[in-house]
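Engineer: Handing you a structure now.
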Amino acid sequence: MAYTMLGLSIVLPTFNERDNIGVLFNEIRSKVKVDSYEILVVDDNSPDGTWVEALEYIDESDVVVRRINMKGLSSAIIDGMLFSLGRYVVVMDADLQHPPEVINTMFEKLREDDYDVVIGSRYVPGGGVEGWSRTRLVISKGATLIAKLLLPYARKVSDPMSGFFMVKKDLIVMNRGRLNPLGFKILLEILERCGPSKVVEVPYTFRSRLYGKSKLKTSTILEFVIHVLKLSRWRPFKFVIVGLSGVIVNLGTLWLISTLYPLFTNTLFVIGSAIAIEISILWNFILHEIWTFSDRRVGSFVKRLAMFHLAVSPGVVAQYLVAVLTRYGLYLNPLIAQLIGIAVGFPVNYVISELGVWKTYSRT
Ligand SMILES: Nc1nc2c(ncn2[C@@H]2O[C@H](COP(=O)(O)OP(=O)(O)OP(=O)(O)O)[C@@H](O)[C@H]2O)c(=O)[nH]1
Ligand SMILES: [Mg+2]
């Protein structure tokens with residue numbers, strides 16, 4: 001693959017942006033001060049003929065890609081990046097929501113301080129959004145929160161969902177095989193799969209769409225959730241499965257010791273319950289080590305074991321108190337009392353494990 005030495009490629013994914021594309025070209029030409037750059041429009045055969053319109057504005061270094069049988073924002077962006085010749089690539093929306101002048105700041109940062117990724121961020125000081133309804137803001141913030149809860153790289157930045165970002169092209173080329181463009185949020189995919197070591201954010205204000213309609217649909221939200229779960233290697237599900245196996249171990253232990261020594265279900269339930277809980281903690285820990293969080297075993301095993309005990313302690317205390325109180329207070333069957341306790345402690349355990357014990361990938 002040939003690179004122009006300092007060149008920048010500007011990738012514009014488009015679908016039905018006919019009225020915006022010319023205005024955007026003019027804005028880029030007047031506001032982007034980078035010495036040499038090319039513009040690549042990647043259009044998914046828009047019914048409004050965006051790709052024909054774009055041809056009116058390109059010069060000899062620019063490209064319009066008209067994809068016939070493919071569709072999807074993320075895959076269009078990856079295709080654009082792979083077609084590009086620049087050493088750096090910036091991705092921006094074609095509806096004038098991303099201000100082209102910010103590209104100058106991004107480019108300077110990337111070259112001078114050797115960053116792998118520069119993110120245009122709405123959520124750092126100086127950034128913002130224009131004209132969003134409360135609902136849109138809540139959805140955006142909620143989605144960011146989900147991404148941050150489940151993905152370590154997303155936690156490192158304020159706006160991991162941004163559609164406006166610049167990357168070193170090498171990062172994409174070298175990790176091409178790992179990228180699986182799904183849905184709208186390609187930056188999340190790049191952060192999690194390529195593992196960039198130097199990332200910085202620059203503020204920008206997300207403007208109102210100039211012309212045309214939004215391509216966001218209700219299904220985009222569902223796609224996003226599936227995308228994040230996939231990037232997280234389905235970790236919450238694994239956690240649930242391990243947790244359920246832990247329930248069997250917990251109840252099985254209690255059943256076993258009380259069969260051997262019936263006092264554990266009555267006067268000594270306080271001890272029987274605690275023994276069963278501890279055995280299940282050890283069981284869960286081992287399974288999380290070898291399965292749920294196998295890609296995140298950083299540092300000492302003993303420290304993680306201690307951390308896990310600490311992490312599950314709020315959930316365990318809740319579980320233990322609920323079990324003992326329902327057993328003695330409501331005279332519930334000991335196994336049922338133990339089970340209710342487990343249901344209370346469970347969600348607390350997931351959040352603390354994700355954020356506290358196995359919080360980062362072992363490759364970093
Ligand atoms: N090539 C291609 N581009 C797309 C596709 N879907 C959206 N785009 C483009 O991706 C950019 C972002 O899409 P938007 O609909 O503006 O999404 P958004 O900015 O999050 O939503 P709004 O604020 O409502 O505009 C725009 O330039 C779209 O034209 C697609 O399937 N293929
Ligand atoms: Mg838009």
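The values are calculated or read from the model by the stated rules, or taken from the named source; none is laboratory data. All of these numbers come straight from a predicted model, not from anything done at the bench. Cβ placement follows ideal geometry from the backbone for every residue including glycine, while neighbour counts extend to all protein chains displayed. Quick note on the areas: whole protein, heavy atoms, side chains included, nothing else; ligands and nucleic acids left out. Shrake-Rupley method; radii C 1.70, N 1.55, O 1.52, S 1.80 Å.
Engineer: For the range 8-231, what is the accessible area per residue in Å², given a 1.4 Å probe and the full set of protein chains?
Structural biologist: Heavy-atom SASA per residue in the range 8-231 reads 43 Å².
Engineer: Evaluated at 10 °C with a viscosity of 1.306 mPa s, what Stokes-Einstein diffusion coefficient in µm²/s does the chain have when Rh comes from the Kirkwood expression over alpha-carbon pairs?
Structural biologist: Once the numbers are plugged in, D ends up at 69 µm²/s.
Engineer: Under the definition of Cα pairs under 8 Å and six or more residues apart, what whole-number percent is the relative contact order of the range 9-54?
Structural biologist: It comes to 62 percent, rounded to a whole number.
Engineer: The range 63-141: which chymotrypsin sites (Phe, Trp or Tyr not before Pro) are DSSP loop and have at most 15 other beta-carbon atoms within 10 angstrom?
Structural biologist: Trp132
Engineer: Using alpha-carbon pairs under 8 Å, 6+ residues apart, how would you state the relative contact order of the chain in percent?
Structural biologist: 15
Engineer: Using only the alpha-carbon atoms, how far is helix 73-83 inclined from the longest principal axis of the chain? Give it as 0 to 90 degrees, nearest 10.
Structural biologist: 50
Engineer: Go through Lys109/Lys156; Lys198/Lys303; Lys31/Lys198; Lys33/Lys185; Lys141/Lys217; Lys168/Lys213 and tell me which ones have a Cα-Cα distance over 24 Å in this structure.
Structural biologist: Violating the 24 Å Cα-Cα cut-off are Lys198/Lys303; Lys31/Lys198; Lys33/Lys185; Lys168/Lys213.
Engineer: Rank Tyr211, Ile68, Ile78 by how far each Cα sits towards the positive end of the charge dipole of the chain (+1 on Lys, Arg Cβ; -1 on Asp, Glu Cβ) and give me just the farthest.
Structural biologist: Working it through, the farthest residue towards the positive pole turns out to be Ile78.
Engineer: Angle, helix 18-31 long axis vs. longest principal axis of the chain, Cα atoms, 0 to 90°, nearest 10?
Structural biologist: 80
Engineer: Assign unit charges at the C-beta atoms only (+1 for Lys and Arg, -1 for Asp and Glu), then state the dipole size of the chain relative to its Cα centre in Debye, rounded to the nearest 20.
Structural biologist: Its charge dipole is roughly 1320 debye.
Engineer: Skipping prolines and chain starts, which residues have an amide H placed within reach, meaning under 5 Å, of the one on Tyr37, given they are 5 or more residues away or on another chain?
Structural biologist: The answer is Leu8.
Engineer: Follow-up question, since we're still on this one. For every other residue with a beta carbon closer than 11 angstrom to the beta carbon of Leu82, add +1 if it is Lys or Arg and -1 if Asp or Glu, then tell me the sum.
Structural biologist: Every neighbour counted, the sum reads +1.
Engineer: Using only DSSP helix segments of four residues or longer, with each worth -39500 (n - 2.57), what per-residue ellipticity at 222 nm results for the chain after dividing by its residue count and rounding to 500?
Structural biologist: -16500 deg cm²/dmol, from helical runs alone.
Engineer: While we're on this one: Over the range 235-357, calculate the relative contact order: mean separation of alpha carbon pairs under 8 Å at least 6 apart, over the residue count, as a percent.
Structural biologist: 28
Engineer: Excluding ligands, DNA and RNA, what is the solvent-accessible area per residue of the range 235-357 at a probe of 1.4 Å, expressed in Å²?
Structural biologist: About 49 Å² of surface per residue is accessible.
Engineer: Same structure again: Give the carbon-plus-sulfur fraction of the accessible surface of the chain in %, rounded to a whole number; probe 1.4 Å, heavy atoms of protein chains only.
Structural biologist: The C+S portion of the solvent-accessible surface of the chain is 65 percent.
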